[in-house]
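This report refers to the structure that appears directly beneath it.
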2 protein chains.
Amino acid sequence: MIRIGILGYGNLGRGIECAVRAANDMELVGVFTRRDPASVTTLTGVPVYSVKDVLNWKDKIDVLILCGGSATDLPVQTPEYAKYFNVVDSFDTHANIPTHFANVDASAKETNHAALISAGWDPGLFSLMRVYANAVLPNGSDYTFWGKGVSQGHSDAVRRIKGIANAKSYTIPVESALEAVRNGENPELTTRQKHTREVFAVLEEGADAAAIETEIKTMPNYFSDYDTTVHFISKEEFEQNHSGIAHGGFVIRSGRTGLNQENQHIMEFSLKLDSNPEFTSSVIVAFARAIKRLSDKGDFGCKTVLDIPPALLCEQSPEELRAHLL
Amino acid sequence: MIRIGILGYGNLGRGIECAVRAANDMELVGVFTRRDPASVTTLTGVPVYSVKDVLNWKDKIDVLILCGGSATDLPVQTPEYAKYFNVVDSFDTHANIPTHFANVDASAKETNHAALISAGWDPGLFSLMRVYANAVLPNGSDYTFWGKGVSQGHSDAVRRIKGIANAKSYTIPVESALEAVRNGENPELTTRQKHTREVFAVLEEGADAAAIETEIKTMPNYFSDYDTTVHFISKEEFEQNHSGIAHGGFVIRSGRTGLNQENQHIMEFSLKLDSNPEFTSSVIVAFARAIKRLSDKGDFGCKTVLDIPPALLCEQSPEELRAHLL
């Protein structure tokens, strides 16, 4: 049995708890939290400990899964805990991946641990699809579309506006752009042509709806480059219809082969997810299995999803995979 | 530069020739044929040699790509040439993969070569998608649909019927079945419910169309389990409309997560290919790059696509991939 520890118990931590339970070759040793452990109740009754005690578990956990945020938690936590544990995180700030990789790699190599950063679906499964598609079709164009799904960052930005009680912002791929890509038209698409944004917001009493709508639509970096629709709704409607955590997206590569590039090929990968955190957790747990196996082989240091032989992700043996899934 | 040799020069061999030309880090050393080399002209002017002389090239070829057929060529050729070369093939008889793997593995390990069998899109990219999807969503159902595309085996079966001058058989996924799977309905689908077949045939003079149509539709193993449509057309129409080599297909996994399996997720991968052999060749060439890299590291023996870290498939360095595609 692969012994898993969870550090940080939010939506992602709960998703990991469920995904570990669904694996026949894994057991969950415990959840480690910065809160008072007595204040945290887990979904499955797995014990909760203070993060201050996690080093006591150094030899009782095969892979520690770090469920903190990418902005401030993981840049510190992953290099630190890679000194004591094999670790997996879901670091998703694309621009900072090279630095994060270097920091984690140094810690993990020095102490003979295996680490994997940026597991999830983007970065993660979508990265894998981009790499396979680029390897197979070197002459081509990549397109990644996200949604329909909630953008946490954009929802937060709206909630910070004065007069807003609550808000969710959805990212929606433009159907006609998707179709043009699927048809091999290789369009050059601006930000505005790829996605629209749709905001559902609850106003505080006496707020100026028209002024707030303008403030949202013109917010630089977040909304000004998109066609944004704003809906003001009641607290009740918000709670009933906008508490979901669904997401999804599309990775498409269109490329050409042949002596004179005369033949076109379209590769498309898509996800339609009821629960973004639970699906992300399921990806992380599969890569945690691979990290345990690499560590057992003495293959230490920092990895990404691009470095992992797919067969290492499955419970099944290589023989079973060759016989039934190849 | 990675030095590539091609053994066998049909549609697949020509596809490899084009794919190697599209790679900046590869060069094509030569084509090896069982025919009289003087009778073979290559697309790009690369030299043609007799297969009898291929062992003279033992130290001048990094990866020999075997472009023979799965029925009789590859079961003999791949284990044989793995004694002298790093090799890649596209062996696609799913049921015989374990035996073929064992034979190639023995040869390659004994002589310190790296070999990869069953590269292409199914087996190949579709296998990868099945494995990733099963690893991430252990509670779920797999669906693979093929087409619309030409089935070579079924076309051959029709051409063997007395009175048939020429024929093509297309495999077509049933759109309503695809939609049900995409909607997460997890249907149990019979062979007949997943695909239909459509045959375009040219009759010889005096042939009995009605009798032949019945013979096709009732042919066991090939057509009797499918709803098949048969069209008899002129030689001219056949040549004009049915010389294409397009293909494609879909791999879909629908699975559930959550404490009580309350959330559903759909993962879908699809291909739409103008040229089946050229796309297959492009996959093979990417895996040939990985085999060269494994051989350089001393990682010998037989591999499949499931054993290859994706980063090894690309021309770009791991650093570039992390910075731009992860």
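The values are calculated or read from the model by the stated rules, or taken from the named source; none is laboratory data. Just so it is clear, the model here is predicted, and its values are computed rather than measured. So basically every Cβ, Gly included, is an ideal-geometry build from the backbone, and we count neighbours across all protein chains shown. Ligands, DNA and RNA are excluded from the accessible area calculation, which covers all protein heavy atoms including side chains. Shrake-Rupley method; radii C 1.70, N 1.55, O 1.52, S 1.80 Å.
Remarks
- Residues located in the range B:216-227, provided they are more than 24 Å from the chain's Cα centre (by Cα) and open to solvent by less than 60 Å² (accessible area, probe 1.4 Å): B:Ile216, B:Met219, B:Ser224
- Residues being within 20 Å of A:Val305 (Cα to Cα) and modelled with pLDDT under 95 - total across the range A:143-155: 0
- Taking the criterion of being outside any helix (DSSP H, G or I) and either surrounded by fewer than 20 Cβ atoms within 10 Å (Cβ to Cβ) or touching a Ser or Thr at 6+ places or on another chain (Cβ under 6 Å) (or both), the residues of the range A:105-116 that qualify are A:Thr111, A:Asn112, A:Ala114.
- The selection criterion, being out of contact with any strand residue (DSSP E or B) (no Cβ under 7 Å at 6 or more places or on another chain), surrounded by 13 or more Cβ atoms within 10 Å (Cβ to Cβ) and among the hydrophobic types (A, V, I, L, M, F, W, C), holds for B:Ala23.
- Number of residues in the range B:136-149 that are open to solvent by less than 20 Å² (accessible area, probe 1.4 Å) and either within 12 Å of chain A (Cβ to nearest Cβ) or outside any loop (DSSP other than H, G, I, E, B) (or both): the value is 6.
- Across the range B:117-135, the qualifying residues are those that are outside any helix (DSSP H, G or I) and facing chain A (nearest Cβ under 7 Å), and the one among them that is surrounded by the fewest Cβ atoms within 10 Å (Cβ to Cβ) is B:Pro123.
Each row is one residue, and each column tells you yes or no for (1) within 24 Å of the chain's Cα centre (by Cα); (2) within 14 Å of chain B (Cβ to nearest Cβ); (3) open to solvent by 20 Å² or more (accessible area, probe 1.4 Å).
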site: A:Pro37; (1), (2), (3): no, no, yes
site: A:Tyr49; (1), (2), (3): no, no, yes
site: A:Lys52; (1), (2), (3): no, no, yes
site: A:Asn56; (1), (2), (3): no, no, yes
site: A:Asp59; (1), (2), (3): no, no, yes
site: A:Asp73; (1), (2), (3): yes, no, yes
site: A:Glu80; (1), (2), (3): yes, no, yes
site: A:Ile97; (1), (2), (3): yes, yes, no
site: A:Asn103; (1), (2), (3): yes, yes, yes
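- Residue identified as touching a strand residue (DSSP E or B) at 6+ places or on another chain (Cβ under 6 Å) and among the aliphatic types (A, V, I, L, M) among B:Ala201, B:Ala210: B:Ala201
- One residue stands out in the range B:301-312 among those that are more than 7 Å from chain A (Cβ to nearest Cβ) and of a type in the set (A, V, I, L, M): the one that is most open to solvent (accessible area, probe 1.4 Å), namely B:Leu312.
- Among the residues listed as B:Ala323, B:Ala286, B:Ala290, the single one being farther than 21 Å from A:Arg256 by Cα and within 7 Å of chain A (Cβ to nearest Cβ): B:Ala323
- Hey, A:Thr190 out of contact with any Gly (no Cβ under 8 Å at 6 or more places or on another chain) and either open to solvent by less than 40 Å² (accessible area, probe 1.4 Å) or not charged (D, E, K, R) (or both) or not: yes
- Taken over the range A:12-33, the residue count meeting the criterion of being polar (S, T, N, Q) and under 15 Å from A:Leu313 (Cα atoms) is 1.
- One residue from B:Glu278, B:Glu315, B:Glu268 being among the acidic types (Asp, Glu) and surrounded by fewer than 21 Cβ atoms within 10 Å (Cβ to Cβ): B:Glu315
- Of all residue pairs spaced 6 or more apart or on separate chains, those with beta-carbon atoms under 8 Å, a first member in the range B:300-326 that is on the phi > 0 side of the Ramachandran plot and a second member that is open to solvent by 10 Å² or more (accessible area, probe 1.4 Å) are B:Gly301/B:Asp105; B:Gly301/B:Lys109.
- Listing of strands (runs of 3 or more DSSP E) fully contained in the range B:193-275 that carry 3 or more residues being touching a Leu at 6+ places or on another chain (Cβ under 9 Å) and either touching a residue at least 12 places away in the same chain (Cβ under 8 Å) or away from every other protein chain (no Cβ under 14 Å) (or both): B:247-257, B:263-273
- When residues of the range B:85-104 are limited to those that are assigned to a helix (DSSP H, G or I) and touching a strand residue (DSSP E or B) at 6+ places or on another chain (Cβ under 7 Å), the one farthest from B:Asn263 (Cα to Cα): B:Val104
- Candidates in the range B:17-35 are the residues that are hydrophobic (A, V, I, L, M, F, W, C) and assigned to a strand (DSSP E or B); of these, the one that is farthest from the other protein chains (Cβ to nearest Cβ) is B:Phe32.
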